[in-house]
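Working notes, beginning with the structure itself.
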Amino acid sequence: MSDLTRTQRTLHAQTPHRMARLYQLALADRPDEEFDRFTKSLARDSGIPGALAMSNAISDRQFFTGIHLPSADELGSVAEAEALAAAVGRVMPLEHGYCPETLDRTKALILPDVCMKPDFAGNDVVDLVGIRTYMGIRLMDKEMGIPLMTICVVGRDIRPMEDGRRMLAYMKERGAQGQYLLDRRIDALS
């Protein structure tokens, strides 16, 4: 395990607890209508044209409990929308994307241009999906004290660096809403 990054080591150490909790909350392996609606509004209100948005349950993989992909109208063609849907799906390895890194952070991860940071520019989703902008924040299990999920918005165009503050404020606000949805689910178990 010595070749793993610090983030990967942390994720692996928490995986059994996180996975058990996600299954207990029915968020580990099946789409959730409430989170699907949430991600649709997350993308719509983000200010990022053609945004993708996900609520991401992270265990030994990433599973998008909620997902919003841009429509053919937003992308300009049915073929492009179908190709994007096929490339993204609901499951992604931990090595892809930026949400595993976000899960390991105490603050939101805001990348107006993912290629500005070399360690993020080489991520497989840059080429696979064409991601150039990312903003995400983690959601915590208030009882267990571990991060369970992330919510994120990604875009295929670079955002101006001055958008960073607006993106951060947006993710903090929407992170609180996502946390409320997760907290309600946790409270329902009690």
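FYI, it's all coordinate maths here, none of it is from the lab. Source: prediction; values computed, not measured. A quick note on method: Cβ atoms are made from the backbone with ideal geometry, for glycine too, and the neighbour counts reach across all protein chains shown.
Comparing 167, 116, 149 in a Gaussian network model of the chain where C-alpha atoms under 10 Å apart are linked, the largest mean-square fluctuation is found at 116. Normalising by the residue count of the stretch 107-162, find the relative contact order in percent from Cα pairs under 8 Å and 6+ residues apart. Relative contact order, the stretch 107-162: 38 percent.
What residue among 102, 15, 39 has the largest mean-square fluctuation in a Gaussian network model of the chain, using Cα springs under 10 Å? Sorting by GNM fluctuation, first place goes to 15. Averaging the sequence gap over all C-alpha pairs within less than 8 Å and six or more residues apart, then dividing by the number of residues, gives the chain a relative contact order of 21 percent.
From the alpha carbon centroid of the stretch 125-190 to that of the stretch 36-75 is 10 Å. Axis angle, to the nearest 10 degrees, between helix 6-24 and the longest C-alpha principal axis of the chain: 70 degrees.
Listed by chain and number, the lysines placed with their C-alpha closer than 22 angstrom to that of residue 107 are 117, 142, 172; residues fewer than eight positions away on the same chain are left out. The residues packed around residue 189, meaning those with a beta-carbon under 10 Å from its beta-carbon, carry a net charge of 0 if Lys and Arg are +1 and Asp and Glu are -1.
Approximating the spin labels as points 7 Å out from Cα along Cα→Cβ, the residue 188-to-residue 165 distance works out to 3.9 nm. Our compactness index for the stretch 97-145, the C-alpha radius of gyration over the empirical 2.2 N^0.38 Å, is 1.26.
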